[in-house]
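Contents: one structure, followed by commentary.
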Amino acid sequence: MAKATIKDLDLKGKRVFIRVDFNVPVTNGVVSDDNRIVSVLPTINYALEKGAKVILASHRGRPKGEGFEEQYSMMPVYLWLKNKYEDNVFFSKKVIGEDVIAKTDELKEGQILLIENLRFEKGEKKSDPEFAKELRKLSDLYVNDAFGTCHRKDTSVYVLPALYDKPVAGFLIEKEIHYFETVLADPKKPYVAILGGAKVSDKIPVIENLLTRVDSILIGGAMAYTFLKAKDVEIGKSILEMDMVELAGDLMAKAEEKGVKILLPVDHVVTNKIEDGRIEITSDVSIPDGFMGVDIGPETIVNFKEELKMAETVVWNGPMGIFEIDEFSSGTIAIASAVAECGCTSIIGGGDSAAAVRKAGVFSGISHVSTGGGASMEYLAGKKLPGIEVLADK
Ligand code: ADP
Ligand code: MG
């Protein structure tokens, strides 16, 4: 069922609470990556154009929930907004209470009030009805555009919206839902999943769910070694999750039963030391003693690319190697380029994966780069997101 969006509300003259994801990195008091801010500007600008009085609220980082902590303040975000909206944006150091309510009342149409980090209040992380009641006093209408937080039951995304007649989604969430629903409900085939990154254990529910939907799964990154171990391959001192080896074996057996192809690396970039070590490319699948796999090898890249050529739908989570280090980034960059060039519907989830796509310079070739790490994983695992479920249907 489609969710109601900000377009379904009459915003004129109303105080509109927009839950955004401004959980951005800050260096020396300045926002150092404004992607998350930029991606909700369509929603903010739409509300301003319609004559709303906009209240923006977010969390940033993991403060203790015992009041102000400078390193997690929203002040740098306020300065970013100030640069763009000049005299039409204001800041409240208080999250709730008389003072901030008064500030919302003073707003004129087309103006913005950014409030301080929601997690400075201990209630935010606790699905707290009392905290929700206080937040409710700040506005007439509610919009959620913080996709990256929707898998949590934080008060502002889960308890607060239920206190409005018609809590709605912003444009970013609408777009995220659109892409995830497309691949979940009716993916065009062949449907290929690419999984990599640090840990198998993080991705088990995703693999299990994908096994019922996809035609093939390409596995790279650190998690590949646990799968290779399950096939008795020598993996040297590569990252291994010993307690996941059996499960990895089971998943491969299940895949075979279902006719889902699983492709593992057949060669690797290896090193004896991550920094300033000797770097080699293995001649086959096994990794010599004292070496660890840090990227997929050239043969593997060819195999994975071949599989991607025919794909109509691709989902990808997790880089193919330690892509942060240039020497170990070729596999990830090659796969990112192949996905961008395949002319398929492509969805990328996960913070590091999104960063890898940017590093590869192919961002615009991807249909949808999700802004939610955890949230996108839960979606791909077939779970419902609490923050989206609670929004009104169209
Ligand atoms: P995402 O954030 O996209 O969900 P993850 O957090 O699961 O991705 O994994 C990303 C991390 O995995 C990166 O920091 C990367 O360096 C690491 N990684 C990938 N391959 C390897 C490897 N072979 N050995 C060690 N770490 C790896
Ligand atoms: Mg990550």
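Details
- Solvent-accessible area of residue 286, all protein chains in place: 40 Å² (probe radius 1.4 Å, heavy atoms, ligands and nucleic acids excluded).
- Put the Cα centre of the range 264-319 next to the Cα centre of the range 8-51 and the gap is 40 Å.
- Distance between the modelled labels on residue 358 and residue 163, one decimal in nanometres: 3.4 nm (7 Å Cα→Cβ projection).
- Per-residue HN-Hα couplings for the range 221-228 [Karplus 6.51, -1.76, 1.60; θ = phi - 60°; Hz; x = Gly/Pro]: x, 4, 5, 4, 5, 5, 5, 5
- Rolling a 1.4 Å probe over the protein chains gives residue 70 an accessible area of about 140 Å².
- Nitroxide proxy distance, nm - points 7 Å out along Cα→Cβ at residue 242 and residue 109: 6.8
- Label-to-label distance for residue 186 and residue 204 is 3.5 nm, based on points extended 7 Å past Cα in the beta-carbon direction.
- Sites residue 126 and residue 281 - FRET efficiency at Förster radius 45 Å, r taken between beta-carbons, to 0.05: 0.35
- Fraction of antiparallel bridges per DSSP, the chain only, in percent to nearest 5: 20
- Overall, the accessible surface of the chain at a probe of 1.4 angstrom is composed of carbon and sulfur to the extent of 48 percent.
- Whole-number accessible area per residue in Å² for the range 178-380, which is evaluated in the context of all protein chains at 1.4 Å: 42
- Heavy-atom SASA rank of 242, 377 (probe 1.4 Å, accessible area, largest first): 242, 377
- Database remark: amide H of residue 69 closer than 5 angstrom to no amide H (H placed geometrically; neighbours at sequence offset of 5 or more, or on other chains; Pro and chain starts carry no H).
- Extended-chain gain in nm, criterion 0.36 nm per residue less alpha-carbon gap, residue 93 and residue 289: 64.9 nm
- Long-range amide H partners of residue 91 with built H, under 5 Å: 114
- Here the translational diffusion coefficient of the chain follows from Stokes-Einstein with Rh set to the Kirkwood radius across Cα pairs; for 10 °C and 1.306 mPa s it amounts to 71 µm²/s.
- Extents of the range 178-380, largest first, come to 46, 38, 29 Å (Cα atoms, principal axes, whole angstrom).
- Given +1 at the Cβ of Lys and Arg, -1 at the Cβ of Asp and Glu and no other charges, the dipole of the chain around its Cα centre is 1300 debye to the nearest 20.
- Each helix, a run of at least 4 DSSP H residues, gives -39500 (n - 2.57); summed and divided by the residues of the chain, these come to -10000 deg cm²/dmol at 222 nm.
- Tensor-based shape of the range 6-170 (alpha-carbon gyration tensor, a/c under 1.5 rounded, otherwise prolate or oblate): rounded
- Exposure ranking of 90, 68 by accessible area [1.4 Å probe, largest first]: 68, 90
- Qualifying trypsin sites (Lys or Arg not before Pro) in the range 1-64, DSSP loop, other Cβ atoms within 10 Å at most 16: 12, 64
- Spherically averaged projected area of the range 298-394 from its Cα convex hull (nm²): 7.1
- Candidate aspartates and glutamates for bridging to residue 189, where Cα separation is under 16 Å - those fewer than 8 sequence places away on the same chain excluded: 181, 215, 306, 307, 312
The values are calculated or read from the model by the stated rules, or taken from the named source; none is laboratory data. Bear in mind that the values here come from a model prediction, so they are computed numbers and not experimental data. Positions of Cβ are backbone-derived with ideal geometry, glycine not excepted, and every protein chain shown enters the neighbour counts. What goes into the accessible areas is simple: the full protein's heavy atoms, side chains included, and nothing from ligands, DNA or RNA. Shrake-Rupley method; radii C 1.70, N 1.55, O 1.52, S 1.80 Å.
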